[in-house]
């Protein structure tokens with residue numbers, strides 16, 4: 001029978017300081033486990049342990065909360081900026097409506113009879129007794145060349 005050496009990595013069991021190994025002949029042998037083993041976080045490099053899962057989930061939660069907080073702040077500042085823009089536009093609308101009212105009043109004053117009579121005197125116009133209108137010619141037509 002050939003004796004094959006087995007390399008068994010002992011598992012850390014709580015409360016136990018030995019590990020069982022199967023021998024080539026079918027028997028079992030106990031070996032003492034070293035008590036000064038490195039911590040579990042670094043003992044199995046590259047493996048996924050409870051600590052790495054907890055750390056990954058925590059980091060993912062932190063990144064998610066950070067991104068959501070950034071999006072929320074962006075929305076709040078954007079809304080505040082739009083509110084200031086709306087107030088400025090409403091103020092501009094009020095100014096333009098007041099200007100429109102004053103221009104309508106000025107136009108009405110200029111069209112009044114008193115204003116027209118005053119302008120007639122300023123321009124030295126005279127009253128005409130009769131008004132002559134030209135009759136349109138209906139039998140002549142202009143050609144477009």
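Where a number appears in this text, it was derived from the coordinates with a stated rule and is not lab data. Every value quoted in this text rests on a predicted model; they were computed, and no experiment measured them.
If each Cα of the stretch 80-145 is one equal point scatterer, what is log10 of I(q)/I(0) from the Debye formula at q = 0.11, 0.17 Å⁻¹?
At q = 0.11, 0.17 Å⁻¹ the computed log10 ratios are -0.67, -0.83.
Kirkwood Rh and Cα-based Rg: tell me the resulting Rg over Rh for the stretch 38-118, rounded to two decimals. The partial results should precede the final answer.
Working: Rg = 34.0 Å, Rh = 19.5 Å.
Radius of gyration over Kirkwood radius for the stretch 38-118 works out to 1.74.
Working out 0.36 nm times the residue gap between residue 75 and residue 120, then minus their Cα-Cα distance, what length gain in nm do you get to one decimal? Please list the in-between numbers first.
Values: separation 45, 0.36 × 45 = 16.20 nm, distance 6.37 nm.
That works out to 9.8 nm of additional length.
Once you have the Cα-Cα distance between residue 21 and residue 68, take 0.36 nm times their residue separation minus that, and quote the gain in nm to one decimal.
Working: separation 47, 0.36 × 47 = 16.92 nm, distance 5.27 nm.
Length gained between residue 21 and residue 68: 11.6 nm.
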